[in-house]
Amino acid sequence: KQWYQRRVAITAGEEIFGPVAVLYSFESEAEAVELANNTRYGLQAYIFTQNLAQSWRVSENLEYGMVAVNEGAISSANNPFGGWKESGIGREAGHFGIDEFTEDKLICFGL
């Protein structure tokens, strides 16, 4: 049991790529958001709820580049892919991904 608890603590603080779910219990919505944001990573978060207002509130407060609400897979060629914090800067895919390959220029004429 001690090995299991230590391994869960290590796993919960890592950026995991694979079929792994780390679950926490919480007393309030604020505590759930605090637990979720207590990491140096922020690629994708998942919310499962029947409360639409709650899903918007929590999604806006999560420090993640992508948030899935009642959905397991949200990646597609049309959706911007990318994270916050140490999970990356910028986006791939969608029209946001093209921005990484362009340069903006302002040309102002005084007529």
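The values are calculated or read from the model by the stated rules, or taken from the named source; none is laboratory data. The structure displayed is predicted, hence computed values, not measured ones. Neighbour counts are summed over all protein chains in view; Cβ atoms, including those assigned to glycine, are modelled from backbone coordinates with ideal geometry. Surface accessibility is based on the protein's heavy atoms, side chains included, excluding ligands, DNA and RNA. Shrake-Rupley method; radii C 1.70, N 1.55, O 1.52, S 1.80 Å.
Just one of the numbered conditions (1) in a loop (DSSP other than H, G, I, E, B); (2) out of contact with any Phe, Trp or Tyr (no Cβ under 9 Å at 6 or more places or on another chain) is not true of residue 98; which one?
Of the numbered conditions (1) in a loop (DSSP other than H, G, I, E, B); (2) out of contact with any Phe, Trp or Tyr (no Cβ under 9 Å at 6 or more places or on another chain), the odd one out for residue 98 is (1).
Out of region 61-90, which residues are open to solvent by 40 Å² or more (accessible area, probe 1.4 Å), in contact (Cβ under 8 Å) with a residue 24 or more places away in the chain, out of contact with any helix residue (DSSP H, G or I) (no Cβ under 6 Å at 6 or more places or on another chain) and not in a loop (DSSP other than H, G, I, E, B)?
Once the filter is applied, which keeps residues that are open to solvent by 40 Å² or more (accessible area, probe 1.4 Å), in contact (Cβ under 8 Å) with a residue 24 or more places away in the chain, out of contact with any helix residue (DSSP H, G or I) (no Cβ under 6 Å at 6 or more places or on another chain) and not in a loop (DSSP other than H, G, I, E, B), region 61-90 yields 85, 86.
Please give the number of the condition residue 93 fails out of (1) modelled with pLDDT of 85 or more; (2) of a type in the set (A, V, I, L, M); (3) surrounded by 15 or more Cβ atoms within 10 Å (Cβ to Cβ).
Result: residue 93 fails condition (1) only.
If you go through region 39-73, how many residues are within 26 Å of residue 92 (Cβ to Cβ) and of a type in the set (S, T, N, Q)?
Residues flagged as within 26 Å of residue 92 (Cβ to Cβ) and of a type in the set (S, T, N, Q) within region 39-73 amount to 6.
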